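The values are calculated or read from the model by the stated rules, or taken from the named source; none is laboratory data. Everything quoted here is computed from the prediction, not taken from an experiment. Glycine also receives a Cβ, built like all others from the backbone with ideal geometry; neighbour counts cover every protein chain displayed. To get the accessible areas, we keep the full protein, side chains included, count just its heavy atoms, and leave off ligands, DNA and RNA. Shrake-Rupley method; radii C 1.70, N 1.55, O 1.52, S 1.80 Å.
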Amino acid sequence: MPGLCTRATAAGTGTRQKYLLVQKTGAQKNVGLIQLNRPKALNALCEGLMAELRRALEAMESDPEVGAIVLTGSEKAFAAGADIKEMQNKTFQENYNSGFLAGWDKVSVVRKPIIAAVNGYALGGGCELAMMCDIIYAGEKAQFGQPEILLGTIPGAGGTQRLTRAVGKSLAMEMVLTGDRISAKEAKEAGLVSKVYPVEKLLDAAIACAEKIASNSKLVAAMAKESVNAAFETTLTEGNRTEKRLFYATFATNDRKEGMTAFVEKRKANFTDS
């Protein structure tokens, strides 16, 4: 499959859907890998693709073997945006009555950690999709942008909200009002991206990070993700309250007991909670 590196391909051929390639990868097969696969449209996010993505995420959410998920596209494009041809003739009434784009939020509410491995274009809906993930790794040629203003509209799937929280008001405002793109290097400097890698090494790096996450307690990882998201979405007081509540809750888990016991006994922990 073009765009999937040797490490991922070696894990198996996966399940080919109309718009996605889905498989489990990593040495322990504990990483879910989803590749957007609509190459002729630069992985433009049509309704069919997003419906498949929701189903794939639901399946991985319920799979006890999967501890983390990697979402990627091709070397040319993570996703170049929403499908403009699909939106072109929509009306306000249609969008309002159907809750257009509301289903995209599924990505942001998955409890298992998701890493976006972004090569090439991540524009409009593609940038929004990457920002719904928990960690963004970028290839050195990646480009991020919210060019909706050039089409006479604004971002509609969190672009004005998540981008502002990630990079600050000034840069977000500049990107949204001009439609200008930023490079992977600029995205890392602004705090949008965690790490930048050579194009050919990006997916391996994202999978390695996902394997590291998946080796920890799945239950506690979900709690940690919830707590960090509280910092992103709530006040400091409410975030600290959430953190304390979840910290206390870890003491009701077998994995907290096992982790601390293993540390005292100087051995590797064997986490079992899922």
With Cα atoms, 0 to 90° folded angle of helix 47-62 axis to the chain main axis: 0 degrees
Degrees separating the helix 218-233 axis from the principal Cα axis of the chain, which is the longest one: 50 degrees
As I understand it, the value is the acute angle between the Cα axis of helix 236-250 and the longest principal axis of the Cα atoms of the chain; what does it come to in degrees, rounded to 10? 40 degrees
If each Cα of region 218-265 is one equal point scatterer, what is log10 of I(q)/I(0) from the Debye formula at q = 0.29 Å⁻¹? -1.00
Would region 15-215 count as rounded, prolate or oblate if I go by the C-alpha gyration tensor, calling it rounded below 1.5 in a/c and otherwise prolate when a/b exceeds b/c, oblate otherwise? oblate
Once the dipole of the chain is set up from charges on Cβ (+1 Lys and Arg, -1 Asp and Glu), the residue from the list Val199, Met260, Gly124 lying farthest towards its positive end is Met260
Relative contact order in percent for region 1-151 (Cα pairs under 8 Å, 6+ apart) equals 20 percent
Tell me which lysines have Cα within less than 16 Å of Lys225's Cα, excluding those fewer than 8 residues away on the same chain? Lys106, Lys112, Lys212, Lys244
Hey, how many Å between the Cα centroid of region 216-254 and the Cα centroid of region 88-105? 33 Å
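Accessible area per residue for the chain in Å², computed with a 1.4 Å probe and the full protein assembly in place, what is it?
I get 52 Å² per residue for this part.
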Roughly how many Å² of Ile69 are accessible to a 1.4 Å probe, to the nearest 10? 0 Å²
Percent of accessible area on region 15-215 owned by carbon and sulfur, 1.4 Å probe? 51 percent
Using unit Cβ charges (K, R positive; D, E negative) and no other charged atoms, how large, in debye to the nearest 20, is the dipole of the chain about its Cα centre? 580 debye
Among Thr235, Thr160, Thr250, which one moves the most in a GNM of the chain with springs linking Cα atoms closer than 10 Å? Thr235
Which far-off residues, 5 or more places away or on another chain, put their amide H under 5 Å from the one on Lys141, with H placed in the peptide plane? Gly120, Val199
How high is the relative contact order of the chain, given as a whole-number percent (alpha carbon pairs under 8 Å, six or more residues apart)? 16 percent
